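A.B. asks: Take a look at the following structure, please.
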Amino acid sequence: MYKDQVQAAKILSELCSGRKIDTLFDRFLKEENNKNLIKDIVYGSVRDFYLNEYILKKFVKKDIKDQLIKYLLMNSIYQINNQSKTEFTVVNEAVKAAKKINDNFYNLVNAVLRNYLREKNKFVTPDEMNIRYSYPQWWVSNIMKEYPNDYEAILAIGNTRATTVIRINQRQISFNDYIDLLKQENIDYELILGGQFIQINNVKDITMLPGYDRGHFYVQDPAAQLVCNFLDIQNGMNILDLCSAPGGKATHILERFDVDLDCYDISKERINLIKSNMKRLQLKANVIDKIDINKRYDRILIDAPCSGSGVVRRNIDIKLMRKQQDIEKFSNQQLQLLEEGWKILKSGGKLLYVTCSIFKHENENVVMKFLSKNKDAASQDLKIPNGFKYQNTQLIPNQFHDGLYFKIFSKN
């Protein structure tokens, strides 16, 4: 196990330096490693980062000069608190890992972890929300201010494991027929939110579900599946999905409507994801690498880049990656995207603005700025379906769905 602990410490160290977690797994996971163990350690340690750091400071009064040793200790605290392995095995293997990382620190690692084993049953989780739930203080302050009745539940849900919900491609198979396939394969599933969505439980490899290669389904949270309802689409329309990758919402539109759909994304690399998903689901769109400023659209979807604060449980590294100044940068980018989309929307057309953020600065504030600048724009009310938890048109993340924000504009 100690080799896995070494790699996990390296990944956490790089992550704290601003590297993306997926690329780090590709870089550091070797053939001899237990990949599932390392991923569990890293994800779990990130989830409890500020709590583990708080615990560590109780046992080490001075700064640890070797950062890899610090992250090895934090990972080991996570393992002791959460993994089924015997505590002394974790400690013994961590000492071996310390010798591999820096031989000058193995005695420190041994002493700190054994002291923690002796004292951990006396440990009381602090009341401070940023430590208890392991979020940056600025993040917690924003949530407490904007969601005075729901802030603790929001913070807590971000630390849970994301559920897997699938959307049935009804151009290939009906909803009920696919449920029959799940029953035949003895796959553990449940119908949620009034029976409208299929949640797959205990899934390890989504590609092993029946009909994956034939495009029978697409993994998509219920919140994201609401987009089709809100865009008020009619067959024959010209539609632009302005920030399309990986193509989840675009493919949903094509599954339900016969339209002329242009898919654009600024990332050339991620455009390949759109093409790949279209191919698997047996759908066709115009995947474009440049916006034609002379073309006009009946409907435009802008699923804007954002902080991701409404989907923390799916991207746990956001808790470490996001900085307070990022929110202002995102809001400026979001307003710019709205302005660009508005120019190519037909008179009488509709534009749907979506983010996966729960911060008002990226949502309501952006909308207010946009409306103040564009007098020909009118926002319309949206009907959130029963079962979803929401505040105005902001979905509040919970165990059934993510925290997306929606606003529809019509052009007068």
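A.B. asks: If packing is taken as the average count of other Cβ atoms within 10 Å, what order do 43-52, 125-134 fall into, highest mean first? Before the final figure, lay out the partial values.
C.D. replies: Details: 43-52: 21.7, 125-134: 16.6.
Per-residue mean Cβ counts within 10 Å order the peptides as 43-52, 125-134.
A.B. asks: Taking a label point 7 Å from the Cα of SER17 along the Cα→Cβ vector, which residues of segment 64-102 have an amide N closer than 15 Å to it?
C.D. replies: It comes to 66-72, nothing else.
A.B. asks: Could you give the nm distance between label points at GLN67 and ASP292, where each point is 7 Å from its Cα heading toward the beta carbon?
C.D. replies: If labels sit at GLN67 and ASP292, their model points lie 4.9 nm apart.
A.B. asks: May I have the pair-distance distribution P(r) for the chain, computed from all Cα-Cα distances with 10 Å bins from 0 and rounded to whole percent?
C.D. replies: Computed distribution, short to long bins: 4, 20, 27, 24, 16, 7, 2, 0.
A.B. asks: With the crude spin-label approximation of a point 7 Å out along Cα→Cβ, what separation in nm comes out for ARG256 versus GLN83?
C.D. replies: 4.4 nm
A.B. asks: May I ask you to list the aspartates and glutamates whose Cα is less than 19 Å away from that of LYS10, ignoring any residue fewer than eight positions away on the same chain?
C.D. replies: Within the straight-line cut-off, LYS10 pairs with ASP22, ASP26, GLU31, GLU32, ASP40, ASP48, GLU53, ASP63, ASP66, GLU93, ASP103, ASP317.
A.B. asks: Given points 7 Å out from each Cα along the Cα-Cβ axis, report the ASN121 to ARG161 separation in nanometres with one decimal.
C.D. replies: Here the answer is 2.8 nm between the modelled labels.
A.B. asks: So the label point goes 7 Å from the Cα of MET208 along Cα→C-beta, right? Which residues of segment 174-200 then have their backbone N under 19 Å from it?
C.D. replies: So the set is 181-190, 199-200.
A.B. asks: Quick one: what are the phi-derived ³J(HN,Hα) couplings along segment 316-331, Karplus 6.51/-1.76/1.60 with θ = phi - 60°, whole Hz, x for glycine and proline?
C.D. replies: My calculation for segment 316-331 gives 4, 5, 4, 4, 9, 6, 6, 10, 4, 5, 4, 5, 5, 4, 4, 5 Hz in order.
A.B. asks: Of all DSSP beta bridges in segment 224-411, what percent run antiparallel (nearest 5)?
C.D. replies: Details: 13 of 29 bridges.
Here the share of antiparallel DSSP bridges comes out near 45 percent.
A.B. asks: Also, quick follow-up: Can you order the peptides 171-183, 149-161 by their average number of other Cβ atoms within 10 Å per residue, highest first? Write down the numbers at each step before the final one.
C.D. replies: Numbers: 171-183: 14.4, 149-161: 17.0.
Those peptides, ordered most packed to least, come out 149-161, 171-183.
A.B. asks: Which value in deg cm²/dmol, rounded to the nearest 500, describes the helix-derived mean residue ellipticity at 222 nm for the chain, given -39,500 (n - 2.57) per DSSP H run of n ≥ 4 and division by the residue count?
C.D. replies: Here the helix-only value at 222 nm equals -13500 deg cm²/dmol.
A.B. asks: Hey, what did the chain get for relative contact order, percent, Cα under 8 Å, at least 6 apart? Walk me through the numbers before you get to the answer.
C.D. replies: Details: 665 pairs, mean separation 56.2, N = 412.
Rounded, it is 14 percent for the chain.
A.B. asks: Can I ask one more? Classify segment 224-411 from the C-alpha gyration tensor, please: rounded if a/c falls under 1.5, else prolate or oblate depending on whether a/b exceeds b/c. Present the calculation step by step, with values, prior to reporting the outcome.
C.D. replies: Details: a/c = 1.35, a/b = 1.17, b/c = 1.16.
It comes out rounded by the Cα gyration axes.
A.B. asks: So between ASN107 and GLU185, what do we pick up on full extension, going 0.36 nm a residue minus the alpha carbon distance? Walk me through the numbers before you get to the answer.
C.D. replies: Values: separation 78, 0.36 × 78 = 28.08 nm, distance 5.21 nm.
Extending this stretch completely gives an extra 22.9 nm.
A.B. asks: Still on this model: Compute the FRET efficiency between TRP138 and GLN380 as 1/(1 + (r/R0)^6), taking r as their Cβ-Cβ distance and R0 = 41 Å, and round to the nearest 0.05.
C.D. replies: Details: r = 33 Å, r/R0 = 0.80.
FRET efficiency, TRP138 to GLN380: 0.80.
A.B. asks: Rounded, prolate or oblate: pick one for segment 2-122, where a ≥ b ≥ c are the square roots of the eigenvalues of its C-alpha gyration tensor, a/c under 1.5 means rounded, and failing that, prolate if a/b is larger than b/c, else oblate.
C.D. replies: Numbers: a/c = 1.44, a/b = 1.40, b/c = 1.03.
Cα axes put segment 2-122 in the rounded bin.
Values in this text are rule-based calculations from the coordinates and carry no lab data. None of the values given here were measured: they were computed from a predicted structure. Reconstructed Cβ throughout: ideal geometry from the backbone, glycine too, with neighbour counts over all protein chains shown.
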